[in-house]
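The next block holds one structure in the form of structure tokens; read it before the comments.
The values are calculated or read from the model by the stated rules, or taken from the named source; none is laboratory data. Just so we're clear, the structure is a prediction, and the values are computed from it rather than from any experiment. We place every Cβ from the backbone using ideal geometry, glycine too, and count neighbours over all the protein chains shown.
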Amino acid sequence: MAENVNNEQEKQAVTSTGTNRVPFSVVEAYKTIRTNLSFLQTSSNSKTVTFTSPEAGDGKSTTSVNVAIAFAQLGEKTLLIDADLRKSSVHKKLKLEKAPGLSNVLAGMSTLEETVKHTSTSLDVLTAGQIPPNPSELLSSNAFKELIAKAEQEYDHIIVDTPPVNIVSDALIVGAATNGIVLIIKEGFSTTDAVAHAISAAKFAEIEILGVVMNNVNAAGKNYGIGKYKKYGYKYKNRYRYGYGYGYGYGYSYGNNYNLKNKKSKKKAENNNK
């Protein structure tokens, strides 16, 4: 499964569960993702799919929300779970209360039935809840596996939004308990190294990558595809310095190293041309 979504327009899709205000191309893109996932779920006899991305800012949460909405529009009972227990955003996109949520259920403070938010007749949302001190431990617990098993008895489709796979291990933990991972990448932002690292991590953990969704696509543009350091390293030099939960900085900073090298090479070339 490989699909393209225009990220500038997809922001409009998050604001409404209807399709009247959303451009036709965006609606069709999410419907195509929905169709492909339906085939995958039917063949594997599993209802739960994990959404993640190589790095922060790739558009995974926006995509998770809109794919869940697309399933709900069929009238099929859908559950969207925000399993990003460090820096959640699903509740903001859908204008819901963050707590109680998933962390409260996993900690035994409430039940799924008490905590889930009913946003429409077909779409339920389990927000992240309060930020716990041990997100990875909660997600790897039997309580999470039991929650997924119970949800699969009650829902037709379950979409789980997780943190970026290259930043923390949570996505791999959740992916191992579900049907597999859908990787969200962003044109002109996700680098080949970052995507390769994400794929390698999933393979090492023996987690199936169900497909890739590329957003922020400009089909008419010249820079169609995944970013490479020569093309994008300078422009996005600071994007890996991203504090992800509890004020700690995770991830990579090799974009900055390239930037310094790029400046030196450019200056040398200018001197040679004089």
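Count, please, the residues in the range 144-156 that happen to be farther than 18 Å from SER169 by Cβ and in a helix (DSSP H, G or I). Show your work before the answer.
Pass one, the range 144-156, residues farther than 18 Å from SER169 by Cβ: 146-147, 149-156.
From what is left, the residues that are in a helix (DSSP H, G or I) are 146-147, 149-154.
Total satisfying the criteria: 8.
Among the residues of the range 104-119, write down those that are touching a residue at least 24 places away in the same chain (Cβ under 8 Å) and not in a loop (DSSP other than H, G, I, E, B). Can you show your working first?
First, the residues of the range 104-119 that are touching a residue at least 24 places away in the same chain (Cβ under 8 Å): 104-108, 112, 116, 119.
Hits for the range 104-119 are ASN104, VAL105, LEU106, LEU112.
Out of the strands (runs of 3 or more DSSP E) lying entirely within the range 157-274, which hold 1 or more residues that are at pLDDT below 60? It would help to see each step written out before you state the result.
Details: elements: 157-161, 181-186, 209-215.
So the answer is none; nothing clears 1.
Would you mind telling me which numbered condition in (1) in contact (Cβ under 8 Å) with a residue 24 or more places away in the chain; (2) surrounded by 18 or more Cβ atoms within 10 Å (Cβ to Cβ) ALA143 fails?
Status for ALA143: all satisfied but (2).
With LYS98, LYS92 as the choices, which residue is within 20 Å of PHE144 (Cα to Cα), without any contact (Cβ under 8 Å) to a residue 40 or more places away in the chain, surrounded by fewer than 18 Cβ atoms within 10 Å (Cβ to Cβ) and out of contact with any Gly (no Cβ under 6 Å at 6 or more places or on another chain)?
Working: LYS92 fails: within 20 Å of PHE144 (Cα to Cα).
Being within 20 Å of PHE144 (Cα to Cα), without any contact (Cβ under 8 Å) to a residue 40 or more places away in the chain, surrounded by fewer than 18 Cβ atoms within 10 Å (Cβ to Cβ) and out of contact with any Gly (no Cβ under 6 Å at 6 or more places or on another chain) holds for just one of LYS98, LYS92, which is LYS98.
Out of the residues in the range 174-194 meeting the condition of being of a type in the set (Val, Ile, Thr) and crowded, with 23+ Cβ neighbours inside 10 Å, tell me which one is nearest to LEU37 (Cα to Cα). Working first, answer last.
So in the range 174-194, the residues of a type in the set (Val, Ile, Thr) come out as 174, 178, 181-182, 184-185, 191-192.
Add one more test, that the residue is crowded, with 23+ Cβ neighbours inside 10 Å, and what stays is 174, 178, 181-182, 184-185, 191.
Working: VAL174: 17, THR178: 13, ILE181: 11, VAL182: 9, ILE184: 14, ILE185: 17, THR191: 25 Å.
Residue satisfying both the conditions and the ranking: VAL182.
Show me the helices (runs of 4 or more DSSP H) found entirely inside the range 1-103 where at least 2 residues are within 30 Å of GLU137 (Cα to Cα) and modelled with pLDDT under 95.
Details: elements: 7-14, 24-44, 60-72, 90-93.
Here the list reads 24-44, 60-72, 90-93.
Considering the range 199-217 alone, what residues qualify as being more than 24 Å from THR35 (Cβ to Cβ) and touching a helix residue (DSSP H, G or I) at 6+ places or on another chain (Cβ under 9 Å)?
First, the residues of the range 199-217 that are more than 24 Å from THR35 (Cβ to Cβ): 200-201, 203-206.
Correct list: ALA201, PHE204, ALA205, GLU206.
Restricted to the range 147-165, and to residues that are out of contact with any Lys or Arg (no Cβ under 9 Å at 6 or more places or on another chain) and farther than 26 Å from LYS203 by Cβ, which residue is surrounded by the most Cβ atoms within 10 Å (Cβ to Cβ)?
It comes out as LEU147.
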